[in-house]
């Protein structure tokens, strides 16, 4: 995944050199709607329980971003966007009971959720002809924030990278884009007791409409 991100960053830097005459800097905002798909597994490493529990789901999300962008005379652009709202990528709960074996001492209800936070995207619009169509290529950086209720441990946060590919259409200061994003695998170990761990991967398909000033 990080090799992909490095390749994307290199492509963006190369395309930057082609913007010899920039039309100027634009600030703007975008509205985003899409579907997020995620698969996650929790592994318990206690003496009483070494099981794995997996969950998959698809969920619609809505959000907004702000961006700064430099456009060239050829219709290409390079920009940086920031999403100030969080997207949930998973949540769930379960209740454990000891049954006849009190030695397990594993009673209780566990809850956990994870959000994508502080999503930053470095992107480029590569023109396809002179009719306003362009290819979208970008690299993501985000923080996965966890929130959980566990008896003896907790999970921390983790920074992850991702890539974005898509197709867009520019008309004046307005743009509409359809893109796909994929993030690297998330692996977080519990702290504060126990040897539990979680792993997950997520990708999304999104539609974005933006306007620059």
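Based on the Cβ-Cβ distance from residue 165 to residue 117, what FRET efficiency comes out when R0 is 22 Å, to the nearest 0.05? The value I calculate is 0.45. Summarising the label geometry, the points placed 7 Å from Cα in the beta-carbon direction at residue 73 and residue 53 lie 6.2 nm from one another.
Values quoted throughout were computed directly from the atomic coordinates according to the rules given, and no laboratory measurement underlies them. The structure displayed is predicted, hence computed values, not measured ones. Positions of Cβ are backbone-derived with ideal geometry, glycine not excepted, and every protein chain shown enters the neighbour counts.
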